[in-house]
Amino acid sequence: MITGFDTLALPGVLARLAALPDAEEARRLAEQELSKPEYLAAQPNAFDRASLAVLEFLDKLLNPDLGNGAGGLVLLITIAAVVIALLVIGVIAWGRPRASRRMQSHGALLGQHDQLSAAQLRGAADDLARAGDWGGAVTQRYRALARSLIERELLDPAPGATAQSIAAAASRSFPDEQAALLNAAQLFDDVRYLGAPGDEPTYQAVRAVDERISLARIAVPA
């Protein structure tokens, strides 16, 4: 039942309803409002959208939905492929793990820390010999021998490896030189640790072993 008050209010209500925009006009007005600067500033920029996409990707990798049957299997295969690709890239960029260990042992060798190559150590040994420092020449020449074996991937000495252990390891690749290698190691120990002064014959003996090993072929096990 419409009361007198309702009858008086009805025309105003109808007028307001008639003034409401239709659907197309409402959409236009909404777009116009949202195009104002304050609304545009609040929208996510390209960086925000890219960050969100990365976070969503990582979340899917770390929390895979394995219960989704084939979808979960495809995701696992994708993750495995990514991991394998990263490993391949790592090997190409940084070399094999063995090579990395060899570079780590490159710094410390027979009580000295440096990054000298075998050629540099040989040059240093010859310089010391010309200066009459036979003890220094002997130690540097034996270090050159050890370094050359490391560079040829014939030796991967543990930290603190001794001259004798290096000679024993080298003998497996050059069995014909076993006696000479062990003798060179003993000469190194005599000079380095037992206080022997060294002399030219001692230096020439170690130098001869180094030169023969540098030219020798590796023995192939029968």
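The values are calculated or read from the model by the stated rules, or taken from the named source; none is laboratory data. All values derive from a computational prediction rather than experimental measurement. Cβ: placed from backbone, ideal geometry, glycine included. Neighbour counts: every protein chain shown.
Restricting the search to region 166-222, which residues are closer than 20 Å to residue 121 by Cα, under 37 Å from the mean Cα position of the chain (by Cα) and free of Cβ contacts under 8 Å to residues at least 12 places away in the same chain?
If the condition is that a residue be closer than 20 Å to residue 121 by Cα, under 37 Å from the mean Cα position of the chain (by Cα) and free of Cβ contacts under 8 Å to residues at least 12 places away in the same chain, then 211, 215 are the ones that fit.
How about region 181-205: which of its residues are surrounded by fewer than 19 Cβ atoms within 10 Å (Cβ to Cβ) and assigned to a helix (DSSP H, G or I)?
Listed by number, the residues that qualify are 182, 183, 186, 189, 190, 200, 201, 204, 205.
If you scan region 105-162, which residues turn out to be of a type in the set (Lys, Arg) and within 32 Å of the chain's Cα centre (by Cα)?
122, 143, 147, 152
Which of the residues spanning region 150-165 are part of a helix (DSSP H, G or I) and touching a residue at least 24 places away in the same chain (Cβ under 8 Å)?
Once the filter is applied, which keeps residues that are part of a helix (DSSP H, G or I) and touching a residue at least 24 places away in the same chain (Cβ under 8 Å), region 150-165 yields 150, 151, 163, 164.
Kindly check whether there is at least one residue in region 159-171 that is modelled with pLDDT under 95, closer than 17 Å to residue 191 by Cα and not assigned by TED's automatic domain parsing to the domain that holds residue 193.
For region 159-171, residues modelled with pLDDT under 95, closer than 17 Å to residue 191 by Cα and not assigned by TED's automatic domain parsing to the domain that holds residue 193: absent.
In region 109-130, which residues are of a type outside the set (A, V, I, L, M) and assigned to a strand (DSSP E or B)?
Step one: list which residues in region 109-130 are of a type outside the set (A, V, I, L, M), which gives 111-115, 117, 120, 122-123, 126-127, 130.
112, 113, listed by residue number.
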